[in-house]
1. Mind jotting down the distance between the C-alpha centroids of region C:271-299 and region C:339-357, whole Å?
2. Quick one: which residues, 5 or more positions from C:GLU137 or on another chain, have an amide H under 5 Å from its amide H? H modelled 1.01 Å from N in the peptide plane, none for Pro or chain starts.
3. What's the ranking of C:606-618, C:557-569 by average number of surrounding C-beta atoms within 10 Å, highest first?
4. Can you give the Rg/Rh ratio of region A:45-138, where Rg is from the C-alpha atoms and Rh is the Kirkwood radius?
5. Counting every Cα pair in chain C, what percent are over 46 Å apart?
6. Calculate the all-directions average of the projected area of region A:4-79's alpha-carbon convex hull, and give it in nm².
7. State, to one decimal in nm, how far the label point of B:ALA12 lies from the label point of C:MET87, with both points 7 Å from Cα in the Cβ direction.
8. Which Rg and Dmax, in Å, describe the Cα atoms of region B:27-72?
Amino acid sequence: MNKIHVTTTVNGDPVEYLCEPQETLLDVLRNQLRLTGAKEGCGTGDCGACSVTLNGRLVCSCLVLAAEAGGQEVATVEGIADGDNLHILQKKILEHAALQCGVCTPGILVAAKALLEKHPDPTEVEARYWLAGNLCRCTGYDKIITAVMDAAAEMRGA
Amino acid sequence: MVKVTIWGSLRAATDGAAEVEVEAQNFKQVMSELERNYPGLQAQIAAGASLAIDGKIYREAWFTPVYPDSEVVLMPFMVGG
Amino acid sequence: MALDTEKREFKIIGTRPLRPDGIDKVTGRALYGADMVAPGMLEGKILRSPHAHARIVSIDASAALALQGVKAVVTASDFSEAKGELMQNILENCMAQDKALYHGHAVAAVAATSETIAKQALKLIKVDYEVLPHVTEIEDAVKPDAPVLRPDRRAKGAPEGTPANITNLSNFGHGDLEAGFAKADLIIERSFRTESTHQGYIEPHACLASMGPDGKADLWCCTQGHYAVRDMCASFLGMSLSQLRVTASEIGGGFGGKTVVFIEPVALALSRKAGKPVKMAMTREEVFKASGPTPSSLADIKIGMTKGGKITAAHAKLRFQGGAFPSGTIDLGAMCAFAAYDLEAVRAEGFNVMTNRPREAAYRAPGAPIGVYPVEALIDELCIELGLDPLDVRLLNAADKGTKSSYGPTFEAIGLKATLEAAKAHRHYNTPLGPNQGRGVSCGFWFNFGGSTSVSMSVNDDGTVAVTEGNPDIGGSRASVGMMAAEELGIPYENIRTIVADTNSIGFNDPTHGSRVTFSVGLATIEAARDAIKKMCTRVAKIWDIDPDAVMWEDGHARPAGENAGNYEPMSLAEIAAIASKTGGPIAGHYEVNADSAGVSFGVHLADIEVDPETGFSTVLRYTVFQDAGKAIHPAYVEGQMQGGAAQGIGWAMNEEYIYGKDGLLQNAGFLDYRIPVASDLPPIEAVILEIPNPGHPYGVRGVGETAIVPPLAAVSNAVSRAIGKRMRALPMSPPKILKVIKG
Ligand code: FES
Ligand code: FES
């Protein structure tokens, strides 16, 4: 099988990889680039654990072919903090104990960041609907929503 | 002698008795006396059984003392999620 | 076990510090089951039965083995004989033997140089099946002509005429039912049904196994209990325990479903055969098809009540379906059914039946939600019939200290009444409802366990402390364990690092289940700290040349006590640690125990639900959880357990179910069709913690993890029933089912 050569950027860094035509972006991120922050919870677009952004748009990386990422800007959970400085969302998720097992957390962070970039002042209901594609089985979402709303308020104030 | 309450589905092994008396000073002796006097209980005890002693559940604790006035209840081996 | 006085002033316990694994988890650095790699590693995949029930006549793997890149194929014959019935059942669930017992049952596995090749190889394995008649529903499995899965698994000592698929019988209770019912002013008897649900952890099972030619092996996996994984795998592979080291990865949820093994022994067998590390991860479809759902159930409940609301007698007949193997969960369901009440005459009896479905696995308070739901639903119906307040009726009948429980023992101090009173006084209970809205109430109960536990801690030269424990941390337990160590040692929380060690590094630990970790590991941590403190005091006594008993520990310092008080400058932990090598060598504390006396826990939930009468669509408007947590070490994570359990219970009540077709095949093995609650399905969930200390723990800790999944099933069902003015008696209450009852 001939592999496809792809040039792209991930979290601002130039990246090249060879992928099989059927391989997903999630596979390449995890298995080739060793960016294992995005998780495979379902592989069918139902859980959001694999959330990344492509040119700023929130996508399930399990539904994106690795070949499609060529020439685009991919952003993953690994790129959210600025070096040692956590993003406000990361701080708020921690402060509010908005994670238990934490396996949904990377996806939640990527999705919430995309939300606040688009809608800096969401209502609680809007935040719940925006995050409806990110399953969390541990928390009942209460603390996640509180953390996102708190982060939104702080980001607007800052 | 200590009175031990036997749960319903095991009473076939105790001639229908809901409560039996055994000579025992601790958890282990209760279990071995039950097995000795009521061979029908052996399968359950081997598969796993707990004892509630005065309201506390002990799953495996051979040397936990029991006294003549202790409330001792045989229970299934308990697991959680 | 030394117990502290009731009123201890805590410095750290009860605060909300950040968890030690937090940064790793918000930056994507934390390593879960599928995140580990090894040089030269192969990918493993499992071939699963396309049939519900079939004899495996032969398996021919020659074509698969001939494919380039395929390094090993294993089947049942590659495993050792497991010891004892339970172990045999677990092994057979990992790999089918002479028969495939359910749709998705593993029949063979392959390891290859890539996932793509492994998948191709699966298609080349030829299995000759003789398809057998199947049965997936309780009603059908007990019929005289039902297909029998394994005749030798019928319940031992079962009376003549017991159907052959019945594997377990259960019967608990006391008192004279007939006399009790005779005293009732109203007796209602109803039938209920619940479906199988899945734990739904977001991380599928995953592992990396590596066995060398010398028979030594390492296993990395996501599990609630790596010691249990070691014991099971070693048994299935014929290894000694010391040859297999298991390391628990970070775990992406378990809820009971990761207390047994599925793919781990298979990965080890493949690695042994291939001579290379093998990584395996289940797909979500495999998780649904072949890892543990709960039992489904049918229940007949009969309760008698006086006009004033006193329950005079109560009877439950429960029938559980626990998949293709025996299951004792029926016992837990029967024991929990009436545990919240002080009853003179009560009996809960029932059985478990085998069907062609995956082996049932524990799910948070296993059995309790299924046993409690129909009872709490019927009590609600009685309350309506008699015009009584549902909380008043529960308060009137509530179990208390000294109550002979429905499952036998007499309760010690318990917090049910306080919990009910808190619910009654809460603003939620007094918020007015609008049209098409209903409020549901339910109690819940769980036992909580302790179990075998080992903790060790080393005092480092710089005055920091390393705590080593052996229980996978699913919901922040490293934080609460670190807090207890810091509290007892009298040093800042930040000076402690708690890690979960592999099976070679510390003594045995029961899995993270039964709500045991904060209780048992906490207890062992406190005792390990006391052990280290004793050693430090002894060192200081030598330095001061006084009697060790004349040195006391306070606020992280050794101080002269008694008649020596004030004679010497107190020494801090850091000062003692810095000169440890001069005073006798490294300082460490450890403690090993089989901890009992975990203390039972009760919860009360309130649910407000609005139902759209046109569509049957229901919306949870308000939800409040009240639970006795004993002492809450880290209240935020206690609240999290209460909220998370409630959300799972709401999902169970409203949407989640395994759906089998007439062909015996699972029809909804994915998150799209097996719908768990999403953020927009739920309202804020308020958690009200009551702290009634458990006398069996030095700080008063009770388990909190499981109870919260018990009440939602009935709380939601009662709310929906009150909203529509008709009774729902089956779960899940998806919109079409509600609509049917409204229209019916
Ligand atoms: S793994 Fe992509 S949505 Fe679940
Ligand atoms: S914290 Fe476990 S799935 Fe969200």
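Read-outs throughout are calculated quantities, based only on the coordinates presented, and are distinct from any laboratory measurement. Computed from a prediction, not measured in an experiment: that's the story for all the values here. Positions of Cβ are generated from backbone atoms using ideal geometry, with glycine treated the same way; all protein chains shown enter the neighbour counts.
1. Using only Cα atoms, the two centres lie 29 Å from each other.
2. none
3. On the way: C:606-618: 20.5, C:557-569: 14.9.
So the peptides C:606-618, C:557-569, ranked by packing, come out C:606-618, C:557-569.
4. On the way: Rg = 13.2 Å, Rh = 13.8 Å.
Rg/Rh: 0.95.
5. Details: 69202 of 276396 pairs.
Beyond 46 Å sits 25 percent of the P(r) for chain C.
6. Numbers: hull surface 16.6 nm².
Over every viewing direction, the Cα hull of region A:4-79 projects on average to 4.2 nm².
7. Simple spin-label model gives 2.7 nm for this pair.
8. Reported Rg and Dmax, both Å: 10.4, 28.
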